[in-house]
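Below is one structure; the comments refer to it alone.
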Amino acid sequence: MNTTPLVQVSALTKKFGKIEVLKGIDFNISPGTVTAIIGPSGSGKTTILRSLNALDVASSGHITIGDVTIDFSKKVGRREISALRAKSGMVFQAHGLFGHLKVLQNVTVGPVVGQKRNRKEVEAEALELLELVGLSDKVHARIHELSGGQQQRVGIARALALKPDLLLLDEPTSALDPELVGEVLRAIRNLADTGWTLVIVTHEMQFAKQVADQVLFIDQGLIVERGTAAEVLETPKHPRTREFLARILGDF
Ligand code: ADP
Ligand code: MG
């Protein structure tokens, strides 16, 4: 396995006005691995993903993704922001698909229109991605004909079509009816098995146990505990991790 980290985050802080929401976050991500971020509401999980994707510009610290490094203690230019943003794809809780377009077009529009890539080539890749997320039979469906779980999977394929180095998933199943959660988790597991590098904020602890290579427990803007899924989720050391898991699992 390649040991050079794909992602290196060090001493990352983020302030909104006077409130420091991230208070010095450090972690690495190896290529082809799954990182699960867990923690209470308001602890800073989304802000970490948004900082990686440069939707939020961190206040200090460093982020390296592949060949792009940004030092946020200096003034950060627009070009640096777009270089960092291009490294990752982000899948939001609400997917923001183009409702009037068909599934295939939703996946191809970014690479064809945004990246000016060859349509034939992009379509061939899009069909593979749609197969990967289990939507081969919905290629020509319109978005409004799909269930929430299917729409979320189109959102994933769309993000991957831009060939990011890593995919960021922010509670990808939390807006779904319970019976649709499984199909989306299966699709995400397929991505992991295919070798995509994933960062996923999730409350699905069973899923995190099964797919995550590393788990980060965030509380009040700090990583309180980290380790393998077994270490953090089965034998948590920190009282705050235990308390959080007890609340989530109900019987820890
Ligand atoms: P989580 O995803 O863990 O629930 P967030 O990263 O969304 O937490 O938010 C962390 C904290 O930062 C929360 O207290 C939230 O209210 C605050 N916050 C997030 N975004 C903004 C913003 N744009 N402006 C001000 N405060 C924000
Ligand atoms: Mg969040």
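The values are calculated or read from the model by the stated rules, or taken from the named source; none is laboratory data. Since this is a predicted model, take the numbers as computed values, not measurements. Virtual Cβ from ideal backbone geometry, glycine too; neighbours counted across all protein chains shown.
Observations, loosely collected:
- Some residue of segment 136-146 being farther than 25 Å from residue 50 by Cβ, over 17 Å from the mean Cα position of the chain (by Cα), of a type outside the set (Asp, Glu) and in a strand (DSSP E or B): yes
- Consider segment 189-246 and keep the residues that are within 16 Å of ligand 2 (Cβ to nearest atom) and among the polar types (S, T, N, Q). The one that is surrounded by the fewest Cβ atoms within 10 Å (Cβ to Cβ) is 220.
So that you can scan it fast, the table gives a plain yes or no per residue for (1) of a type in the set (A, V, I, L, M); (2) in contact with a strand residue (DSSP E or B) (Cβ under 7 Å, 6 or more places away or on another chain); (3) surrounded by 20 or more Cβ atoms within 10 Å (Cβ to Cβ); (4) free of Cβ contacts under 8 Å to residues at least 24 places away in the same chain:
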| position | (1), (2), (3), (4) |
| --- | --- |
| 8 | no, yes, no, no |
| 12 | yes, yes, yes, no |
| 28 | no, yes, no, yes |
| 31 | no, yes, no, no |
| 46 | no, yes, yes, no |
| 56 | no, yes, no, no |
| 84 | yes, yes, yes, no |
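- Residue match in segment 64-78 (condition: aliphatic (A, V, I, L, M), within 30 Å of residue 21 (Cα to Cα) and within 16 Å of ligand 2 (Cβ to nearest atom)): no
- Members of segment 129-180 found to be in contact with an Asp or Glu (Cβ under 6 Å, 6 or more places away or on another chain) and either farther than 15 Å from residue 96 by Cα or within 16 Å of ligand 1 (Cβ to nearest atom) (or both), listed by number: none
- Residue satisfying all of: in segment 26-43; within 14 Å of ligand 2 (Cβ to nearest atom) and in a loop (DSSP other than H, G, I, E, B); nearest to residue 217 (Cα to Cα) among these: 39
- Options 133, 139; residue that is surrounded by fewer than 19 Cβ atoms within 10 Å (Cβ to Cβ), hydrophobic (A, V, I, L, M, F, W, C) and closer than 22 Å to residue 190 by Cα: 139
Here is a yes/no grid of residues against (1) within 17 Å of the chain's Cα centre (by Cα); (2) within 18 Å of residue 213 (Cα to Cα); (3) modelled with pLDDT of 95 or more:
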{"site": "1", "(1), (2), (3)": "no, yes, no"}
{"site": "8", "(1), (2), (3)": "yes, yes, yes"}
{"site": "11", "(1), (2), (3)": "no, no, yes"}
{"site": "17", "(1), (2), (3)": "no, no, yes"}
{"site": "21", "(1), (2), (3)": "no, no, yes"}
{"site": "29", "(1), (2), (3)": "yes, yes, yes"}
{"site": "32", "(1), (2), (3)": "yes, yes, yes"}
{"site": "35", "(1), (2), (3)": "yes, yes, yes"}
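- Restricting segment 44-59 to residues that are part of a loop (DSSP other than H, G, I, E, B) and of a type outside the set (Ser, Thr, Tyr), the residue that is nearest to residue 214 (Cα to Cα) is 44.
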